[in-house]
Amino acid sequence: MVESWIQGMPSVTRLGRKRLSMKKKYRIFFAIPFDSASTTLYERVCKKIKMKISKQHPELEFTTVIGDKEVGPSETLSDIASFKKQNKELTGQFVAQIRESDVVIADVTHNNPNVHVELGIALMQNKNILRVTGRSLTELGFDIRNLKMWRYDKEKKLIKTITDYLDTFLKIKQLSISSGYGSLYWKQSKKTELRPVPPEGQKKRFAYKSIRSDNYVMRDGAVRAEFEILKEHNPEDNWFGVYFRAGVWPLMVSYLVFVRPNGTVQLSIYPGPRSPSKSTGEKIKERKTLLIEFDNNQLNVELDSKPYLQTEKLVRQAVGHIFVAAWNADVDVHSVEMICRDTIDWS
């Protein structure tokens, strides 16, 4: 969302030699009515699904969050300070909590306005959403009646529905970069030559190429690129990188992970500031393999199987394009592999 985007760069952790793995911690947000019966029900549900999922996926860690405050107007609409304070609290309460969550489970049984607010925020942030109801579908509001809905009549069925959903969700999120996953996997073995050409009257050189196809987009997954920097046109400012969650052109709105010939690995948003970086400590003179894994708000970056950057503060979670690119340098990209871990079909 816009307010999240302009907060600035995410904090980035510089890592030592500890091996990074795929995401191991997941957060579930429950959007439910604020009555005591619903709260009691979902407190039991949370405990039971955490036990079940822990048995199915013992290597993973779960956090469950139940929305516990009601959306309401400012106490005094004419009081500007009060109005602004209340809006700030709501933003922190709902937008931040949902943005940090991997799955949103919305119970629309009572057509509760708070649930609809949280559901709307989740939809805007491209979240994985499970909608459940304890009533007949014909009793739901006309605006959500046609959305995919799972009906439950007993607590046991509700728990099974949520557990089955999470089990499938987690299987997708743990996919490795392997050809055994059909269309979710993609590989380009043919060499791509990135030869930046400066625009007329300018000195800066930029070249890029979309991965897979110009129309292909994804939100979560991993990209592994084997590259070689052949020539530096500007020793002070040059790199090879991978854009992800990008617009139709990489220099619009996107994230960028790039590697400089001096061994610096860095994360940046475009347009925007650059984050702290991590240096390999040696100049790049040969082929290297860059791996980036991005899932919800988390990013892992490795160079030649060594971890360099990690963050859990990716605020832009939109679906987007993937590009390989070179800035002020001639680069050969010898191969690119990609696995899509999206749980939503964007086609």
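The values are calculated or read from the model by the stated rules, or taken from the named source; none is laboratory data. What you see is a predicted model; the values in this text were computed from it and never measured. Heads up, the Cβs are rebuilt from the backbone with ideal geometry, glycines too, and the neighbour counts pull from every protein chain shown.
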Query raised in the report: Can you find a residue in the stretch 333-345 that is in contact with a strand residue (DSSP E or B) (Cβ under 8 Å, 6 or more places away or on another chain) and modelled with pLDDT under 90?
Result: yes
Query raised in the report: Would you call Asp143 among the acidic types (Asp, Glu), at pLDDT below 95 and part of a loop (DSSP other than H, G, I, E, B)?
Result: yes
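Just one of Val315, Val324, Val333 is closer than 25 Å to Phe169 by Cα and aliphatic (A, V, I, L, M); which is it?
Working: Val324 fails: closer than 25 Å to Phe169 by Cα; Val333 fails: closer than 25 Å to Phe169 by Cα.
Checking each option against the conditions leaves just Val315.
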Query raised in the report: So Gly263 clears everything in (1) at positive phi; (2) out of contact with any Ser or Thr (no Cβ under 7 Å at 6 or more places or on another chain); (3) at pLDDT below 95 except one condition, right? Which one?
Result: (2)
Query raised in the report: Can you pull out the residues in the stretch 260-299 that are more than 16 Å from the chain's Cα centre (by Cα) and among the β-branched types (Val, Ile, Thr)?
Result: Thr264, Val265, Thr280, Ile284, Thr289
Requested in this report: Would you check which residues across the stretch 169-209 are in a strand (DSSP E or B) and either within 21 Å of Leu303 (Cα to Cα) or not assigned by TED's automatic domain parsing to the domain that holds Arg287 (or both) and list them?
Outcome: Tyr185, Trp186, Lys187, Gln188, Thr192, Glu193, Leu194, Tyr208, Lys209
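Determine which member of the set Lys283, Lys313, Lys278, Lys306 is touching a Lys or Arg at 6+ places or on another chain (Cβ under 9 Å), surrounded by fewer than 20 Cβ atoms within 10 Å (Cβ to Cβ) and among the charged types (D, E, K, R). Please lay out each step first, then the result.
Details: Lys283 fails: touching a Lys or Arg at 6+ places or on another chain (Cβ under 9 Å); Lys313 fails: touching a Lys or Arg at 6+ places or on another chain (Cβ under 9 Å); Lys278 fails: surrounded by fewer than 20 Cβ atoms within 10 Å (Cβ to Cβ).
After ruling out the rest, the residue left standing is Lys306.
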